[in-house]
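Just dropping this structure here.
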Amino acid sequence: MEEAVHSPRLVRFGTFEVDLPAGELRKGGVKLKLTGQPFQVLSILLERPGQVVTRQELQKRLWPDTFVDVDHNLNTAINRIREVLGDSAESPRFVETLPRRGYRFVAPVEGAQTTDLDDSSGARQESRMPWARTTSILFVVLVLLAAAGFFIYRRLHSDTATASVQRADRLHRW
C-alpha cells in the first residue's frame, strides 16, 4: 500500500517542527537527533494527532514481515521520543501512553493531514464503531424483548389452559 502524495511536508507542534520527507525534527530551527524507528513512530503518531495508534498498528507499519521484540523496541522508541521532546510519561505534553492499547499524540498540531492509508484503516473504523455498538445493543434488546414476549405468551397460554381444564373438571363433577 502506498501513502497519499498529499502528506504534509512540515508538521508543527509546540516549539518543534518535523520535516517528514527529510526525516528531521527541529526545535527553534535547530536540528535534533531523532532518527530511525523513534522518528518513524513519531511520524505515525503525527499522522493522526489526538487519535489512538495501537501497538499492533505500529508493529504492522514498522516491522511488517519480521520477528522482533515489539514491546522492547516500541518502549525504547517512545522513551527516545520523550527524551528528545522533553516529555514525560507521568505528565505527557506530547505522547500519551494508553496501557495495553497504544499511544496518542496529545499536543495541538499544525499542518497534519491524514493519509489515504489512514483513512482506510483508522479514522473510518473509529467512525463505524458507534454504529456497530448501537446495532449490537439494539439486537440484544430485541432478543430480550422477544424472549420476554415468548415467556409472557407461554404463561398466559398456560394459565388459560389450566383454567379451561379446571372449568371442565368442575363441570364434569356436576
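The values are calculated or read from the model by the stated rules, or taken from the named source; none is laboratory data. From a predicted model like this one, the values you see are computed outputs, not experimental measurements. As a convention, Cβ positions derive from the backbone with ideal geometry for all residues, glycine included, and neighbour counts pool all protein chains shown.
So, in the stretch 54-97, how many residues would count as being of a type in the set (A, V, I, L, M) and without any contact (Cβ under 8 Å) to a residue 12 or more places away in the chain? Talk me through it step by step, then tell me what you get.
Step one: of the stretch 54-97, the residues of a type in the set (A, V, I, L, M) are 58, 62, 68, 70, 74, 77-78, 81, 84-85, 89, 95.
Retained after the next criterion (residues that are without any contact (Cβ under 8 Å) to a residue 12 or more places away in the chain): 68, 89.
Going through the stretch 54-97 one residue at a time, the tally reaches 2.
Now for a separate question. Can you tell which of ARG104, ARG133 is part of a helix (DSSP H, G or I) and either surrounded by fewer than 12 Cβ atoms within 10 Å (Cβ to Cβ) or modelled with pLDDT of 65 or more (or both)?
Numbers: ARG104 fails: part of a helix (DSSP H, G or I).
After applying the criteria, what remains is ARG133.
Condition first: at pLDDT 90 or above and either within 20 Å of PHE13 (Cβ to Cβ) or small (Gly, Ala, Ser) (or both). Now tell me which residues in the stretch 50-60 satisfy that.
Hits for the stretch 50-60 are GLY50, GLN51, VAL52, VAL53.
Still on this structure, please answer the following. Any chance the stretch 108-118 includes a residue that's over 22 Å from the mean Cα position of the chain (by Cα), at pLDDT 90 or above and not polar (S, T, N, Q)?
No, because not a single residue in the stretch 108-118 is over 22 Å from the mean Cα position of the chain (by Cα), at pLDDT 90 or above and not polar (S, T, N, Q).
Among the residues in the stretch 64-78, are any surrounded by 15 or more Cβ atoms within 10 Å (Cβ to Cβ) and either modelled with pLDDT of 90 or more or under 26 Å from GLY28 (Cβ atoms) (or both)?
Yes, that holds for at least one residue.
Then there's this: Return the only residue of ALA146, ALA163 being modelled with pLDDT of 70 or more and either among the small types (Gly, Ala, Ser) or surrounded by 13 or more Cβ atoms within 10 Å (Cβ to Cβ) (or both). Steps first, answer last, please.
Details: ALA163 fails: modelled with pLDDT of 70 or more.
It is ALA146.
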